[in-house]
Protein chains: 4
Amino acid sequence: MFPIDVRDIRPIYEQIIDNIKEQVIKGILKPGDQVPSVRQLASMLTVNANTVTKAYQQLERQKIIETIRGRGTFIAHVTTKQVNEDELEDIRKTLKSSCMQLYYMGFSKEDVVKEISKIYEELIREES
Amino acid sequence: MFPIDVRDIRPIYEQIIDNIKEQVIKGILKPGDQVPSVRQLASMLTVNANTVTKAYQQLERQKIIETIRGRGTFIAHVTTKQVNEDELEDIRKTLKSSCMQLYYMGFSKEDVVKEISKIYEELIREES
Amino acid sequence: MFPIDVRDIRPIYEQIIDNIKEQVIKGILKPGDQVPSVRQLASMLTVNANTVTKAYQQLERQKIIETIRGRGTFIAHVTTKQVNEDELEDIRKTLKSSCMQLYYMGFSKEDVVKEISKIYEELIREES
Amino acid sequence: MFPIDVRDIRPIYEQIIDNIKEQVIKGILKPGDQVPSVRQLASMLTVNANTVTKAYQQLERQKIIETIRGRGTFIAHVTTKQVNEDELEDIRKTLKSSCMQLYYMGFSKEDVVKEISKIYEELIREES
DNA sequence: GTGGTCTAGACCACG
DNA sequence: GTGGTCTAGACCACG
């Protein structure tokens, strides 16, 4: 599967969320694909099952996966998510914090744009 | 001073850090300017003095402010911070998470670039 | 564990820092070893948990220990720390103060060298 | 006179103590020499008079200066100070902390000895 | 159970 | 008056 880094700043459940999202965006996981059960993934990543549960709950709330009782958990069929203003505001705060840190490291606006463009491109690079 | 938002995802001390950084970047606070004492700022924001202390300690470690014994706390004289690879890697992870969230909201690469450009520009608007 | 001396000139959190550093240097604590949890150490030393937290935070900043979310705190895997000129200058000032005190007690250069050699040797005695 | 560095880790009163001790050790100030009055030194260094008072009190307790009522303050006539075991123990703790810091910066015993020798020599270099 | 955040409040060192 | 240290204790996030 994918690696969990216990030293990562992000909590483990967020790493799981980010990894699955990334695989969906990159097309590695496609709508209808089954994802491992909570217990399977927990043992694959050697993390606590509660941690995977938390990640799956959030992914489900975000309509990225869906659980069908008795059958398992699957990648949802894409429904472009509508813009949530509160969430967007939180993202902006995060971006602003990152910008300030980069500013202090001497990054110009162009440097920042270059950085984020590269990140976005790597994400949606067709069939990675 | 500036508002503390208890509903903000960021802890209070981080909001304080971000706000002061922002004022320095925008040139509202200049090198040598005195910032409110721990107790003053605490009562202005109606937060506990320890919370302000924590924010100030981190700002001091980042060389953004400096404390002069018995006199108070001041904006540091700029010393361009050198790039820390570990820190940069953490920022990249944060940017990637934000990109994925924005992608799910339907933001194209151009939209994301526009968004971050606006944020960066607002930050340095008044020739810092 | 180790004793806290309330009469010591150093604050408690510094005594904790120094004690753990010493155990690491002496090889009593090895990379990967778990150190007591904040609460455990606090009750062992009968000090407040916040005091231990402060010591651990500084040790973490110095890359001597690392915290793994929900699992505990561990001795870091050694990464030789690079020389920080500012820090070195501070150490030199401290050494100079000590030298002057010793000079007044009648210590010759050879006495001082003998003293510090003994201290250093006791530190690394058991092949760390 | 001598410079006070408000950014120095040492409190101002300690800087004053250290500076006067240093001048005595180096022979710049000799037994019987008059030192500035508290108010004079305070205005020379632009520090608070209480700070100078504190420094002078400690220097007097250490028999390095002596105050003659109505006449002023003078460098004391040398009387080799006897070794105070408690004080020596404190110095050892300080030296140990410094050794540990230097050890973490990669200093060998020889490096540390070289460092402290240089500091001691610069101190007693005849007529600096 | 683990550490992180925050409060209220005391006391101290420095100036 | 300024920040630094420390306590007691609450509540939260993560696992």
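Which aspartates and glutamates have a Cα lying under 17 Å from the Cα of A:Lys63, excluding residues fewer than 8 positions away in the same chain? In chain and number order, the partners are A:Glu14, A:Asp18, A:Glu22, A:Asp33, A:Glu87.
Note the angle between two axes, namely the Cα long axis of helix B:85-104 and the longest principal axis of the Cα atoms of chain B, as a number of degrees from 0 to 90, rounded to the nearest 10. For helix B:85-104, the angle is close to 50 degrees. In this model, which of A:Lys21/B:Lys26; A:Lys26/B:Lys21; B:Lys30/B:Lys54; C:Lys81/D:Lys81; D:Lys26/D:Lys109 are farther than 31 Å apart at the alpha-carbon? Distance filter (> 31 Å) returns A:Lys21/B:Lys26; A:Lys26/B:Lys21; C:Lys81/D:Lys81. With only the Cα atoms considered, the range D:85-124 has a convex hull volume of 70 Å³ per residue. According to the Kirkwood relation over distinct C-alpha pairs, the hydrodynamic radius of the range D:6-50 is 11.5 Å.
Over all pairs of different C-alpha atoms, the range B:30-77 has a mean inverse distance whose reciprocal, the Kirkwood radius, equals 10.7 Å.
On a per residue basis, the convex hull of the C-alpha atoms belonging to the protein assembly as shown measures out at 194 Å³.
Across peptide B:82-94, the mean count of Cβ atoms from other chains lying within 10 Å of each residue's own Cβ comes to 4. Sorted from shortest to longest, the distances between the C:Val78 label points of this copy and the other copies are 4.1, 4.4, 5.2 nm, with each point 7 Å from Cα along the line through the beta carbon.
Only helices enter this figure: runs of n ≥ 4 DSSP H residues, each worth -39500 (n - 2.57), summed and divided by the residues of the protein assembly as shown, yield -18000 deg cm²/dmol at 222 nm to the nearest 500. Between the helical axis of C:109-124 and the longest alpha-carbon principal axis of chain C there is an angle of about 20 degrees.
Provide the net charge surrounding D:Asn84, with neighbours chosen by a C-beta distance below 13 Å and charges set as Lys +1, Arg +1, Asp -1, Glu -1. Counting the neighbours of D:Asn84, the net charge comes to -1. Contact order, relative form, for chain A: 27 percent (alpha carbon pairs under 8 Å, 6 or more residues apart, mean separation divided by residue count).
Please give the net charge around C:Gly72, taking every other residue with its beta carbon less than 15 angstrom from that of C:Gly72, where Lys and Arg add +1 and Asp and Glu add -1. Value of the local net charge: +1. Charge tally for B:Gln15 (other residues, Cβ to Cβ under 10 Å; Lys, Arg +1; Asp, Glu -1): -2. Across the identical copies, the label point of A:Ser117 (7 Å from Cα in the Cβ direction) is separated from its matches by 0.9, 5.9, 6.3 nm, in order from shortest. Mean sequence separation of contacting Cα pairs (under 8 Å, at least six apart), scaled by the length of the range C:12-75, corresponds to a relative contact order of 40 percent. Just so you know, the Rg over Rh for chain A is 1.01, from Cα atoms, with Rh as the Kirkwood radius.
Packing here is the average count of other Cβ atoms within 10 Å per residue, and on that basis the peptides B:61-67, C:92-98, highest first, run C:92-98, B:61-67.
Just to confirm the number: angle between the C-alpha axis of helix A:12-25 and the first principal axis of chain A, 0 to 90 degrees, nearest 10? Roughly 90 degrees between the two axes.
Read the figures in this text as sums done on the coordinates, not as results from a lab. Bear in mind the structure is a predicted one, so any value in this text is a computation, not a measurement. When we count neighbours, we look across all protein chains shown, and the Cβ atoms used for this are built from the backbone with ideal geometry, even at glycine.
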